[in-house]
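This report concerns only the one structure given below.
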Amino acid sequence: MDLTILYRGPLASCDYDCPYCPFAKRRDSRAQLTADREALERFTDWAAERTGDRLSVLFTPWGEGLVRSWYRRALTELSRLPHIRRVAIQTNLSCRTDWLADADPERIALWCTYHPGQTPYERFLGRCRELSAKGIRYSVGVVGFDEHLEEARRLRAALPEEVYLWVNAAEGHTYTDEEAARWTELDPLFPYSRDPHRSAGLPCRTGESVISVDGDGTVRRCHFVKAELGNLYDGSYRRALGPRACPLAVCDCHIGYVHLESLPLYDVFAGGVLERIPAGHPPGAGTPPDGLVVPGPSRRALPLLEP
């Protein structure tokens, strides 16, 4: 079996205070942190034993995982296993990077988000440069708020050309064509994030070759569909895997709609779906493979929710 797993344990604490995030500066109790560590270690042990499968793992914690030693250890250990294609994590890159010396740079990757106002620009850029010096695959992105635009431009100019800078549409914000054009100058793939994608009844890889797993081992097709497929640890989920259409009206998060078969994003991000790195890096940051058309900023990407 070739399986992609999005793992999200109970961790919900973060060291940042972003006004657009419900988990900003939230603190987990010692008991909650212990439960999160034990759940992650159980998952890591399970993944290590699945030597007959080919696994790709993306950690998508509600909080910031890399400030916790058990996430750094899990990423390092999984990266050294031959049946793990890729292991990645979403992170604000606030932690040190020296731990990566023990990881396999061919299999580990980071999906990094820059939050202006939460960390000094030079510190974040310095961490990015450390990743580049260590040969670690990573992407960098920002949320597309107007007040972040100049900082995003500054970051794009300073990052190596081969590092992809992505832009997430701000939740609930409707972009004019002029606004979208400004963000598309930085991220040619921004039109895919600009508006929610209509997904109801459309084929999606989630539930077949992609699953979501929580700290208890409950398996769902993705983070956004509540229906359970079984449990990871008793193997019951395997009987439920198969092609299925999306039951939701729309999908507006990259970790969801990237798996829609109606979009060409598996070709756009070939070899870098987990860490959000387009094919062909380097060169041509943000440029999709020949023959794939990225929607222009003056029109919406299809399929989308109709107004």
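The values are calculated or read from the model by the stated rules, or taken from the named source; none is laboratory data. What you see is a predicted model; the values in this text were computed from it and never measured. Cβ atoms come from the backbone with ideal geometry, glycine included; neighbour counts cover every protein chain shown. Note: areas computed on protein heavy atoms with side chains; ligands, DNA, RNA excluded. Shrake-Rupley method; radii C 1.70, N 1.55, O 1.52, S 1.80 Å.
State whether one or more residues within segment 159-167 are among the charged types (D, E, K, R) and modelled with pLDDT of 95 or more.
We begin by selecting, within segment 159-167, every residue among the charged types (D, E, K, R); these are 161-162.
When the remaining residues are screened for being modelled with pLDDT of 95 or more, the result is none.
Taking every residue of segment 159-167 in turn, none turns out to be among the charged types (D, E, K, R) and modelled with pLDDT of 95 or more.
For ASP146, which of the numbered conditions (1) surrounded by 14 or more Cβ atoms within 10 Å (Cβ to Cβ); (2) farther than 30 Å from GLU106 by Cα fails to hold?
(1)
Against the conditions (1) surrounded by 14 or more Cβ atoms within 10 Å (Cβ to Cβ); (2) within 19 Å of the chain's Cα centre (by Cα), where does GLU171 fall short? Just the number, please.
Just one mismatch for GLU171, condition (1).
THR119 - would you say it is farther than 22 Å from SER209 by Cβ, at pLDDT below 95 and not small (Gly, Ala, Ser)?
Spelling it out, THR119 is indeed farther than 22 Å from SER209 by Cβ, at pLDDT below 95 and not small (Gly, Ala, Ser).
Check PRO297 against each of (1) part of a loop (DSSP other than H, G, I, E, B); (2) modelled with pLDDT of 95 or more; (3) not aliphatic (A, V, I, L, M) and name the one condition it does not meet.
Of (1) part of a loop (DSSP other than H, G, I, E, B); (2) modelled with pLDDT of 95 or more; (3) not aliphatic (A, V, I, L, M), only one is false for PRO297: (2).
Can you report the number of residues in segment 206-235 which are touching a residue at least 60 places away in the same chain (Cβ under 8 Å), assigned to a loop (DSSP other than H, G, I, E, B) and under 19 Å from the mean Cα position of the chain (by Cα)?
To start, the set of residues in segment 206-235 that are touching a residue at least 60 places away in the same chain (Cβ under 8 Å) comprises 209-217, 222-223, 232-233.
Then keep just the ones that are assigned to a loop (DSSP other than H, G, I, E, B); that gives 209, 215-217, 222-223, 232-233.
Pick out the ones that are also under 19 Å from the mean Cα position of the chain (by Cα) and you get 209, 215, 222-223.
Of the residues in that region, 4 qualify.
Which condition number does GLY235 fail, the rest of (1) open to solvent by 60 Å² or more (accessible area, probe 1.4 Å); (2) modelled with pLDDT of 95 or more; (3) not aromatic (Phe, Trp, Tyr) being met?
(1)
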